[in-house]
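These notes are about the structure you will find just below.
The values are calculated or read from the model by the stated rules, or taken from the named source; none is laboratory data. Note that the structure is a prediction, hence the values are computed from the model and not measured. With ideal geometry, Cβ positions are generated from the backbone for all residues, glycine too; neighbour counts draw on all protein chains shown. These accessible areas exclude ligands, DNA and RNA; they are computed on the full protein's heavy atoms, side chains included. Shrake-Rupley method; radii C 1.70, N 1.55, O 1.52, S 1.80 Å.
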Amino acid sequence: MTTYLNADLHCHSVVSDGTLAPEDLAARARANGVELWALTDHDEIGGQPRAAAAARSQGMAYLTGTEISVSFANTTVHIVGLGFDADNPQLAQGLATTRGGRGGRAREMAAQLAQAGIHGAYEGALKFVGNPELVSRTHFARFLVETRVCRDTSEVFRKFLVEGKPGYVPHRWAALGDAVRWITDAGGVAVIAHPARYKLTANEEYALFSEFKAHGGQGVEVVTGSHSAAEYVTYGAMAQEFGLAASRGSDFHSPDESHTDLGALPLLPGTLTPVWELLAERVHPA
């Protein structure tokens, strides 16, 4: 496998906060020319058997995946795991612990929205949830759009559910070192997801990359749905500076919400080491 591969190693199904089933995602990925795919549901690996089987039925190579929520410098950072053993008990237990705080947080979010005059938000959000353990801001946002409180999810995240606005409830997620260890001890590779999205200072970002590398992290998403062309260059340089492999993934959630479709990203720059080179023995063949 080379850099010039249409790999999409970041997307979400109904098992977390996407709107499509793993089978439908696999079909969409294949139709869009994806050659190597991974389903990376938030803090959850329950969809992995279905995703692997669907990839096989589509004639598409597959890597196991997840996206773990981490608290770092008072910011939620996401770490993607790729190519791990999905039956590893320590990984499963770590993800279950990380999911565990979401229910209480969701009820607090609903209570804040009720104080702002928006009632029934918890029950409304649950209508959009495929997995009750994983009720999230995204599900509340869909409720606010459905009830016409906001025109779209972009407006939601300007007016609600973010720091300083109604419905914002912080959560303590996994520690960075724990998340990286769960992935690597299960035989996988840990990747910093969409680094340009985090509101970190330059010093905090340097600390994130340094600590991630020290814990055994090996990759960073360079080409991803929320990055600009300039950010591909910035994080390509960061990958080289820290000796990290480069990953590529759309972060696709829904045909109606996602700006970037599965398989629609530019290829990785040829100067970088693609993360799939580190995982060649872990790829489920087409």
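What FRET efficiency comes out for T147 versus S71 if R0 is 22 angstrom and r is the Cβ-Cβ distance? Round to the nearest 0.05. So the FRET efficiency works out to roughly 0.10. Label reach from K199 (point 7 Å along Cα→C-beta): in segment 146-163, amide nitrogens under 18 Å belong to 154-163. If you take the charge dipole of the chain about its Cα centre, with +1 on Lys and Arg Cβ and -1 on Asp and Glu Cβ, which of A106, H194, T76 is farthest toward its positive end? It is A106, whose Cα lies furthest towards the positive end. Heavy-atom accessible surface of the chain, averaged per residue, reaches 42 Å², computed with a 1.4 Å probe.
Measure off, as a whole percent, the carbon and sulfur share of the 1.4 Å-probe accessible area of the chain, all protein chains present. Could you put the intermediate results ahead of the total?
Working: 5890 of 11960 Å².
Carbon and sulfur: 49 percent of the exposed surface of the chain.
At full extension, D256 and A207 could sit 14.1 nm farther apart than now, given 0.36 nm per residue minus the alpha carbon distance.
With n ≥ 4 as the cut-off for DSSP H runs, can you work out [θ] at 222 nm for the chain, using -39500 (n - 2.57) per run divided by the number of residues, rounded to the nearest 500?
Working: 11 runs with 109 residues, N = 286.
Computed ellipticity for the chain at 222 nm equals -11000 deg cm²/dmol.
Is the shape of segment 221-283 best called rounded, prolate or oblate, per the rule: a/c under 1.5 gives rounded, else a/b larger than b/c gives prolate, else oblate, with a ≥ b ≥ c the square roots of the Cα gyration tensor eigenvalues?
Details: a/c = 2.62, a/b = 1.37, b/c = 1.92.
Oblate shape, in that a/c is at least 1.5 and b/c is the bigger or equal ratio.
Quick check on packing: order 40-48, 152-160, 278-286 by the mean number of other C-beta atoms within 10 Å, highest mean leading.
Working: 40-48: 24.6, 152-160: 16.1, 278-286: 14.6.
My ranking of the peptides, most packed first, is 40-48, 152-160, 278-286.
With θ taken as phi - 60° and the Karplus curve 6.51 cos²θ - 1.76 cosθ + 1.60 applied, the whole-hertz 3J(HN,Hα) list for segment 188-201 is x, 10, 8, 9, 6, 7, 4, x, 5, 6, 7, 8, 9, 5 Hz, x standing for glycine and proline.
Bridgeable lysines around K159 (alpha carbons under 27 Å apart, same-chain partners fewer than 8 residues away excluded): K127, K199.
A DSSP coil position with no more than 12 other Cβ atoms inside 10 Å describes the following chymotrypsin sites (Phe, Trp or Tyr not before Pro) in segment 3-98: Y4. Our summary gives the chain a relative contact order of 24 percent, counting only alpha carbon pairs under 8 angstrom and 6 or more residues apart.
In this structure the amide hydrogen of F72, modeled in the peptide plane, comes within under 5 Å of the amide hydrogens of V77, none closer than 5 places in sequence on its chain.
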